[in-house]
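Below is one structure; the comments refer to it alone.
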Protein chains: 2
Amino acid sequence: MLNPAVSKELVDIVGRDRFLDQLEELTCYSYDSFLEEAIPDAVLFPVSTDEVSHIVQIASRHGIPVTARGAGTSVCGAPVPVQHGIVLCFTHMNRILEVNTRDRYAIVQPGVINGDLQKALAPYGFFFPPDPGSMNMSTMGGNVAQNAGGPRCLKYGVTVDYVLGLEVVLASGKVVRLGSRNIKDVTGYRLSALFCGSEGTLGLITEIIVKVVPAPVTTKTLMVTFKDLDDTAESVADIIGSGILPAAMELMDKMTVNAIEDAVHLGLPREADGSLLIEVDGSEETCEREIRQIIEKVKQHGAVTIEEAATEEEKERIWAARRSSYGVFAKLAPDIVSEDVTVPVSKVPAMIRKIQEICAHYNLTAGILAHAGDGNMHPLIAGNRQDKDEWTRVWQAVHDMFAAAAEMGGTLSGEHGIGLAKSEFLPLVMDEDSREFMQVIKKAVDPGNMFNPGKFV
Amino acid sequence: MLNPAVSKELVDIVGRDRFLDQLEELTCYSYDSFLEEAIPDAVLFPVSTDEVSHIVQIASRHGIPVTARGAGTSVCGAPVPVQHGIVLCFTHMNRILEVNTRDRYAIVQPGVINGDLQKALAPYGFFFPPDPGSMNMSTMGGNVAQNAGGPRCLKYGVTVDYVLGLEVVLASGKVVRLGSRNIKDVTGYRLSALFCGSEGTLGLITEIIVKVVPAPVTTKTLMVTFKDLDDTAESVADIIGSGILPAAMELMDKMTVNAIEDAVHLGLPREADGSLLIEVDGSEETCEREIRQIIEKVKQHGAVTIEEAATEEEKERIWAARRSSYGVFAKLAPDIVSEDVTVPVSKVPAMIRKIQEICAHYNLTAGILAHAGDGNMHPLIAGNRQDKDEWTRVWQAVHDMFAAAAEMGGTLSGEHGIGLAKSEFLPLVMDEDSREFMQVIKKAVDPGNMFNPGKFV
């Protein structure tokens with residue numbers, strides 16, 4: 001609990017209606033989509049950079065932890081305030097400040113929802129490529145803090161590739177502006193990139209300048225199924241290796257497809273061991289040619305069914321199903337661990353076999369969902385936290401998956417981040433000197449360890 | 001001069017043949033393509049990370065500055081050892097360690113020439129997009145350290161967008177590995193990005209993992225001339241604003257075109273006030289359609305001549321001319337200041353008028369060369385260093401250009417970097433707190449100010 005004098009100082013800044021300190025209110029801000037929770041001492045909803053700066057100055061003076069939060073859709077525990085203190089919830093700072101497609105940028109406050117930015121850009125024929133599964137809920141501040149990915153990132157790159165500039169409140173309360181609205185800018189260190197993926201541990205993002213790009217003229221969407229998961233994975237590696245770069249290439253295994261079918265009845269063959277949702281974008285002719293080449297390739301790998309979405313509605317239905325997969329899968333068990341293991345794409349077939357082997361070894365039920373074109377796989381492991389034995393096996397399996405990925409030159413996270421979920425696994429992919437170097441940066445930027453303490457760094 | 005005992009320690013590492021300390025040798029490493037020079041005390045040519053680490057440990061123990069150098073093509077003084085000490089020249093670490101187009105990456109040592117990487121990728125149908133004017137000479141280590149751009153960066157982004165991972169030797173001599181060979185990786189801070197554009201002030205890059213991408217099926221190249229420079233600039237803003245994203249869009253003014261004609265006789269109309277080299281890439285059909293749309297647009301803006309390169313040789317000739325422009329321009333005066341002012345693209349017409357106005361005001365001769373599609377302009381100002389009055393006017397003009405750019409929301413450098421050339425102008429685009437924040441990072445990472453001291457931070 002905060003000292004009443006401190007609470008008063010904070011209320012003086014944001015007013016009583018944007019300050020929460022009652023347990024039943026605080027509980028709503030104690031968790032995300034990961035499994036752990038921690039109750040903050042207070043939740044504040046700033047509406048301006050100035051307010052954020054003043055709150056930080058007070059917190060700094062009193063040594064109170066400050067954890068930033070957007071929509072709370074993180075799946076790695078990033079916004080969980082494990083050392084309590086203040087949660088700064090940015091959902092009230094949700095204005096799109098400028099859309100300038102002539103100069104190819106947009107300026108947003110951190111609480112703007114990714115999907116709302118997309119809607120604002122669409123009339124101009126532009127879009128913001130990063131499209132995390134949570135895009136209709138998650139905020140741009142969270143997207144930047146986690147360096148969010150998504151299916152389209154196969155072709156277009158992740159959030160950091162689109163951040164031109166940031167306004168950040170530092171631990172001192174000072175406000176710095178990093179980068180600019182210029183598409184090309186090599187003036188000084190690229191410090192905006194340092195905050196992408198920093199998960200709220202270095203400072204608080206209060207304004208974001210992103211690069212936006214012309215939307216493709218058209219897209220074509222294919223749903224392909226295979227008898228064998230191996231063939232599915234080989235198709236992915238083969239298509240990417242041939243130099244075609246689809247806008248998305250989503251792999252789902254049998255369990256995932258069946259969970260989707262139970263929920264939304266797409267008519268996918270339930271007996272197929274693997275399926276691929278492939279989307280290409282560009283001009284009509286390019287899409288057409290690439291789709292033909294892809295069909296050729298998947299046939300060579302024994303595709304059982306190949307269906308092209310004929311209308312926009314069909315495309316939307318397929319994508320809605322894919323986006324719902326985590327949700328529908330979550331109904332299968334009391335708890336689901338959604339992992340984010342990533343390997344170079346040529347290792348996808350081997351990694352999928354490894355995931356299946358590990359789950360069989362630990363007698364666990366798991367589905368596999370993957371942005372397979374960039375080697376980013378999401379094994380969804382079903383379990384029950386109350387069943388201590390099973391839960392231990394779940395985490396042993398996760399450890400083994402990361403160890404296997406590390407051995408293949410892979411990594412812990414393609415897009416979900418480290419947060420609470422994976423700190424302990426960092427040594428698998430980063431040696432001691434490299435981890436120590438992260439701490440050097442953290443200590444220099446946030447000497448009091450005020451921002452999101454107790455996390456990966 | 002180094003203490004003989006220190007020299008002996010260094011020779012023990014690299015051997016006598018990779019250690020230079022004679023004035024006539026050192027002079028060759030005292031300058032780049034900028035105007036200032038400073039003689040180092042010794043030049044070393046390491047061949048391994050291990051050697052680099054040992055050299056850094058010795059330098060650190062004795063408080064000797066260490067400045068990294070590649071091919072010396074920098075135009076901002078970045079590798080000039082203004083506080084003397086050791087120059088580490090990476091040209092012997094020039095092996096391409098791996099090309100893996102299936103997983104879309106390549107691993108290179110810092111001394112690999114950009115153009116050599118391109119040649120290694122071409123047989124696979126892949127390329128590395130950043131293409132600085134110096135690409136046939138400049139090294140990958142230098143490209144990363146300066147976050148190099150180039151004409152193609154309009155469509156494809158700059159060097160930092162392609163750096164997946166780095167091996168870096170820190171001031172302690174410790175070797176850290178940042179990032180990985182995975183296309184998507186959000187494991188910990190994105191510290192590799194911190195070294196992109198750090199100009200050798202934070203550590204020494206000893207290995208580079210870059211993302212490579214499928215080369216476009218075809219390109220189409222157009223040379224357009226206009227009676228009026230204003231129309232030229234308006235065409236650029238209009239094409240980009242309409243949602244077409246050419247692979248390159250290079251603007252040249254009359255003086256530049258004439259300098260090129262004098263040197264290589266392309267047959268460009270010498271009376272044209274402005275010309276545009278436009279290249280689109282992609283599939284045959286897409287290129288064709290985009291070229292038609294572009295021709296439509298430039299006609300609306302009063303294009304005088306529109307010529308499409310009919311053969312690969314013609315394309316190559318046009319590009320060779322464009323790439324030679326700095327060189328041919330340099331013959332016009334004893335000294336040339338090549339600036340790198342950048343504004344949002346819609347401000348290009350206004351900025352060009354401003355540059356002309358400023359040069360007229362100070363009675364200076366200047367050509368304009370621009371990667372105009374991303375607002376990145378290179379005014380080339382002719383002058384004579386020996387003529388004190390003229391030289392003062394040159395730098396007053398540069399200052400005024402930056403001040404004008406800053407007012408338009410622009411910045412000091414799109415791709416050349418800050419180095420020695422622009423430190424003094426930083427306050428025009430970065431406030432005190434933001435500059436101080438750069439220093440916080442510098443001090444944390446290089447507490448002894450050993451790496452490339454006396455530069456922008």
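The values are calculated or read from the model by the stated rules, or taken from the named source; none is laboratory data. Please read all numbers here as calculations on a predicted model, not as lab measurements. Every residue, glycine among them, receives a Cβ derived from its backbone with ideal geometry; neighbour counts consider all protein chains shown. All accessible areas refer to the heavy atoms of the entire protein, side chains included, with ligands and DNA or RNA removed. Shrake-Rupley method; radii C 1.70, N 1.55, O 1.52, S 1.80 Å.
Here are some notes:
- Cβ separations smaller than 8 Å between residues 6+ apart or across chains give the following pairs from the stretch A:85-105 residues that are closer than 13 Å to A:VAL52 by Cα to residues that are of a type in the set (Phe, Trp, Tyr) and not in a loop (DSSP other than H, G, I, E, B): A:VAL87/A:TYR29; A:CYS89/A:TYR29.
- Within the stretch B:46-64, tally of residues that are open to solvent by 10 Å² or more (accessible area, probe 1.4 Å) and touching a Phe, Trp or Tyr at 6+ places or on another chain (Cβ under 8 Å): 0
- Residue selected from the stretch B:18-39 under the condition of a type in the set (D, E, K, R) and open to solvent by 30 Å² or more (accessible area, probe 1.4 Å), by the criterion nearest to B:ASN3 (Cα to Cα): B:ASP21
- Residue selected from the stretch A:157-175 under the condition surrounded by fewer than 24 Cβ atoms within 10 Å (Cβ to Cβ) and within 9 Å of chain B (Cβ to nearest Cβ), by the criterion farthest from A:ILE113 (Cα to Cα): A:SER172
- Residue within the stretch A:311-321 that is open to solvent by less than 40 Å² (accessible area, probe 1.4 Å) and without any contact (Cβ under 8 Å) to a residue 60 or more places away in the chain present: no
- Filtering the stretch A:322-349 to residues that are assigned to a helix (DSSP H, G or I), open to solvent by 20 Å² or more (accessible area, probe 1.4 Å) and not aliphatic (A, V, I, L, M) leaves A:ARG322, A:ARG323, A:SER324, A:TYR326, A:GLY327, A:SER346, A:LYS347.
- Scanning the stretch B:201-228 for residues that are assigned to a strand (DSSP E or B), surrounded by fewer than 21 Cβ atoms within 10 Å (Cβ to Cβ) and among the aliphatic types (A, V, I, L, M) yields one hit, B:VAL213.
- Test set (1) open to solvent by 40 Å² or more (accessible area, probe 1.4 Å); (2) under 18 Å from A:GLY142 (Cα atoms) - A:GLU415 fails condition number: (1)
- Residue count for the stretch A:184-202, restricted to those that are on the phi > 0 side of the Ramachandran plot and out of contact with any Ser or Thr (no Cβ under 7 Å at 6 or more places or on another chain): 3.
- Being surrounded by 22 or more Cβ atoms within 10 Å (Cβ to Cβ) and among the hydroxyl-bearing types (Ser, Thr, Tyr) is a property that holds for B:SER235.
- Among the residues of the stretch B:350-371, the one identified as surrounded by 21 or more Cβ atoms within 10 Å (Cβ to Cβ), within 14 Å of another protein chain (Cβ to nearest Cβ) and assigned to a helix (DSSP H, G or I) is B:MET351.
- Those residues of the stretch B:409-445 which are closer than 19 Å to A:LYS184 by Cα, in a loop (DSSP other than H, G, I, E, B) and at the interface with chain A (Cβ under 10 Å from one of its Cβ atoms), in sequence order: B:GLY409, B:GLY410, B:LEU412, B:SER413, B:GLY414, B:GLU415, B:HIS416, B:GLY417, B:ILE418, B:LYS422, B:VAL429, B:MET430
- Enumeration of residues in the stretch A:27-42 that are hydrophobic (A, V, I, L, M, F, W, C) and under 24 Å from A:SER423 (Cβ atoms): A:PHE34, A:LEU35, A:ALA38, A:ILE39
- Residues of the stretch B:99-112 satisfying the condition of being buried (at least 19 other Cβ atoms within 10 Å of the Cβ) and either more than 8 Å from chain A (Cβ to nearest Cβ) or in a helix (DSSP H, G or I) (or both): B:ALA106, B:ILE107, B:VAL108, B:GLN109, B:PRO110, B:GLY111, B:VAL112
- A:THR101 vs. criteria of a type in the set (Ser, Thr, Tyr) and within 30 Å of A:SER60 (Cα to Cα): no
- Hey, B:LEU154 of a type outside the set (Lys, Arg), farther than 28 Å from A:TYR189 by Cβ and either under 19 Å from the mean Cα position of the chain (by Cα) or open to solvent by 20 Å² or more (accessible area, probe 1.4 Å) (or both) or not: no
- Test result for A:MET252, in contact with a helix residue (DSSP H, G or I) (Cβ under 8 Å, 6 or more places away or on another chain), assigned to a helix (DSSP H, G or I), in the same structural domain as A:GLY373 (by TED's automatic domain parsing) and buried (at least 24 other Cβ atoms within 10 Å of the Cβ): no
- Scanning the stretch B:378-388 turns up no residue that is open to solvent by less than 10 Å² (accessible area, probe 1.4 Å), in a helix (DSSP H, G or I) and not hydroxyl-bearing (Ser, Thr, Tyr).
- Some residue of the stretch B:113-121 being over 25 Å from A:MET351 (Cβ atoms), open to solvent by 10 Å² or more (accessible area, probe 1.4 Å), without any contact (Cβ under 8 Å) to a residue 12 or more places away in the chain and among the basic types (Lys, Arg): yes
- Test: residue in the stretch B:273-291 that is without any contact (Cβ under 8 Å) to a residue 24 or more places away in the chain and basic (Lys, Arg): yes
- Selection from the stretch B:11-52 of residues that are under 27 Å from the mean Cα position of the chain (by Cα) and assigned to a helix (DSSP H, G or I): B:GLU25, B:LEU26, B:THR27, B:CYS28, B:TYR29, B:THR49, B:VAL52
- Flag if A:VAL75 is outside any strand (DSSP E or B), within 14 Å of chain B (Cβ to nearest Cβ), surrounded by 21 or more Cβ atoms within 10 Å (Cβ to Cβ) and touching a residue at least 12 places away in the same chain (Cβ under 8 Å): yes
- All positions within the stretch A:148-183 that are out of contact with any Pro (no Cβ under 9 Å at 6 or more places or on another chain) and on the phi > 0 side of the Ramachandran plot: A:GLY173, A:GLY179
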